[in-house]
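The structure appears right after this line, and notes come after that.
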Amino acid sequence: LYYGGWVAPNIYYLGAAGVVNLCKRSAGSSFSLLRIAGVSGIYNSKHYTKGRFEMPPYSQGDLRSVYHTRQIEIERLRAFASGTGRSSSSSSIDIMMSHDWPRNIYHHGNLPLLLQRKPFFKDEIDSGSLGSPANESLLHSLKPKHWFAAHLHVKFEACVRHKNDNTSTQVAKPAASTKFHGVESNDGICPDNNESNMETLTDQMTRFLSLDKCLPKRRHIQILHVEPSSSKILGASDAVSAEEVVFPEKAWLEYDPSWLAVLRRTDGWTQRTHNVVRVSEDSFVQNPITDDEVSDVT
């Protein structure tokens with residue numbers, strides 16, 4: 001399932017990299033509520049620039065390299081971040097998911113507490129080798145509202161305030177915001193929506209969360225309520241505002257059209273080879289996905 005798919009009832013795999021929209025329907029119109037993206041695997045410089053050469057029957061080496069992230073997946077997501085000609089919000093990500101942490105994310109949270117829980121991280125943090133440099137580049141390209149990860153078996157939270165594209169020092173003022181709730185639960189009961197549990201998350205901020213192993217007395221569960229953005233409505237009448245929309249039906253997932261357009265244009269990057277796959281890292285900045293390319297896949 002390189003491009004993702006259903007692996008069990010109600011469990012969808014985003015693939016080596018993927019972008020989907022969580023949708024609901026009301027009064028015959030389709031609405032996109034949340035855009036969810038993801039990248040699989042962990043970073044390994046030995047295999048990062050190579051093709052996806054692994055195939056059955058897997059050797060012992062293949063069983064390890066198959067879960068190493070490749071540059072082609074990172075560059076596809078960076079291409080998605082370049083957006084399309086439709087609108088500035090066409091490439092915004094509400095939720096990003098990965099296994100590996102973005103490198104340097106620990107400098108945006110409670111680093112002393114992290115080292116208290118995992119003192120053996122210190123050498124890697126000091127050398128800048130803890131976490132994925134590829135995911136770090138995605139963090140600053142995609143600027144998702146939320147980033148969820150795993151891998152290091154410890155609960156850690158961070159908040160990244162992205163800098164304005166036009167300056168290296170000024171933190172952008174909030175232009176738009178959504179509210180989120182973050183409440184830990186040990187009994188499986190979803191907490192009430194309570195103003196005391198709410199913070200404001202701007203379009204220029206990413207809230208990072210990684211949880212511990214699913215074991216007794218470990219911090220492995222946290223419930224987040226992510227408010228949908230009204231700017232993500234698709235096909236809504238001008239006479240109907242986001243606050244007036246009622247969603248009576250069950251939600252479903254759809255492939256993101258811009259992501260499909262990126263996959264189509266970069267199909268030649270998918271190669272079963274041990275050799276380095278050459279990708280053009282900045283081509284989408286000068287030549288982003290067009291409306292016509294998006295229309296061709298919808």
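A few points about this structure:
- Within-13-Å neighbourhood charge of Glu54 [Cβ basis; K, R +1; D, E -1]: +4
- Annotation: amide H of Thr49 within the under-5 Å range of Gln71, sequence separation 5 or more or interchain, hydrogens built in the peptide plane.
- With θ taken as phi - 60° and the Karplus curve 6.51 cos²θ - 1.76 cosθ + 1.60 applied, the whole-hertz 3J(HN,Hα) list for region 93-106 is 10, 7, 9, 10, 10, 8, 7, 6, 6, x, 4, 6, 5, 5 Hz, x standing for glycine and proline.
- Volume of the Cα convex hull of region 259-298, divided per residue and given in Å³: 69
- Annotation: amide H-H contacts under 5 Å for Asn110 (H modelled 1.01 Å from N, sequence separation of 5 or more, or interchain): Glu157.
- Inter-centroid distance (Cα atoms) of region 113-143 relative to region 252-298, Å: 29
- Heavy-atom accessible area, probed at 1.4 angstrom with all protein chains present, ranks Arg103, Arg207, Arg64 as Arg64, Arg103, Arg207, highest first.
- In Hz, Karplus ³J(HN,Hα) per residue of region 262-269 (6.51, -1.76, 1.60; θ = phi - 60°; x = Gly, Pro): 5, 4, 5, 5, 9, 4, x, 6
- Overall, the anisotropy analysis places region 39-162 in the oblate class: the square-rooted eigenvalues a ≥ b ≥ c of its C-alpha gyration tensor yield a/c not less than 1.5, with a/b not exceeding b/c.
- Long-range HN-HN contacts of Phe208 with modeled amide H, under 5 Å: Trp147, Ala158, Cys159, Val160
The values are calculated or read from the model by the stated rules, or taken from the named source; none is laboratory data. None of the values given here were measured: they were computed from a predicted structure. All Cβ positions, glycine included, derive from the backbone under ideal geometry; neighbour counts span all protein chains shown. Accessible surface is based on the protein model in full, side chains and every heavy atom, while ligands, DNA and RNA are left aside. Shrake-Rupley method; radii C 1.70, N 1.55, O 1.52, S 1.80 Å.
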